[in-house]
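Take a look at the structure set out below.
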Amino acid sequence: MDFNKELEELQVHVAETQAAARAAATETHDQIKERIDKAQGDLDKSVKVARKEADQASDDAKARWAAMKADAAAKIADAKRTIDRRGDEFDADVAQTDAAMAQDDALSAIDFAEWAVDSARVAVLDAIDAQIYARQKEAAIRR
């Protein structure tokens, strides 16, 4: 299996996230809220797909990954709902605390993504190695 397509899609996904972060830094609260709502909708769709994959998965690793992905997305959604619920009723100090918590959540999500990419690297290399090893063994049998 060639993993280039999946890795290229991941790079596009990261580039889109970087572009969204750059753009959001210059937008108003309402514009960012709209951007968040769209991103949350996309994430919710992803969670539904991950849950469906977990339900249909026959492979333990695949099922664990889908469940982990769904759990992480649910935690992010919970944090977002908590911040949204607080709305405008808090003063600037509390808003700063909320902002700090949101930053911590974002950094944790980025750390998780880095871990996921590192895990994917090991899994991809392991899969390629297994394919090569299988071809070598098959060639040795044919001799």
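The values are calculated or read from the model by the stated rules, or taken from the named source; none is laboratory data. Note that the coordinates shown come from a computational prediction; the quantities given were computed from them, not determined experimentally. Because the Cβ atoms are built from the backbone with ideal geometry, glycine has one as well, and the counts that use them run over all protein chains shown.
Hey, among A113, A99, which residue is on the phi < 0 side of the Ramachandran plot, exposed (fewer than 14 other Cβ atoms within 10 Å of the Cβ), modelled with pLDDT of 85 or more and among the small types (G, A, S)?
Only one candidate qualifies: A99.
Can you go through I36, I76 and tell me which one is more than 19 Å from W115 (Cα to Cα), modelled with pLDDT under 90, of a type in the set (V, I, T) and out of contact with any strand residue (DSSP E or B) (no Cβ under 8 Å at 6 or more places or on another chain)?
Checking each option against the conditions leaves just I36.
Among the residues of region 24-36 satisfying the criterion of being acidic (D, E) and assigned to a helix (DSSP H, G or I), which is surrounded by the most Cβ atoms within 10 Å (Cβ to Cβ)?
For region 24-36, the residue satisfying everything is E34.
Which of (1) in a helix (DSSP H, G or I); (2) at pLDDT below 85 is the odd one out, the single condition D104 does not satisfy?
(2)
Just to be sure before I move on: is K48 of a type in the set (K, R), at pLDDT below 75 and either surrounded by 12 or more Cβ atoms within 10 Å (Cβ to Cβ) or out of contact with any Phe, Trp or Tyr (no Cβ under 7 Å at 6 or more places or on another chain) (or both) in the structure I sent?
In short, no.
D129: without any contact (Cβ under 8 Å) to a residue 60 or more places away in the chain, assigned to a helix (DSSP H, G or I), among the charged types (D, E, K, R) and surrounded by 11 or more Cβ atoms within 10 Å (Cβ to Cβ), yes or no?
no
Let me confirm something: among A15, A39, A50, A21, which residue is within 17 Å of A99 (Cα to Cα), small (G, A, S) and either part of a helix (DSSP H, G or I) or in contact (Cβ under 8 Å) with a residue 24 or more places away in the chain (or both)?
Every option except A21 fails the conditions.
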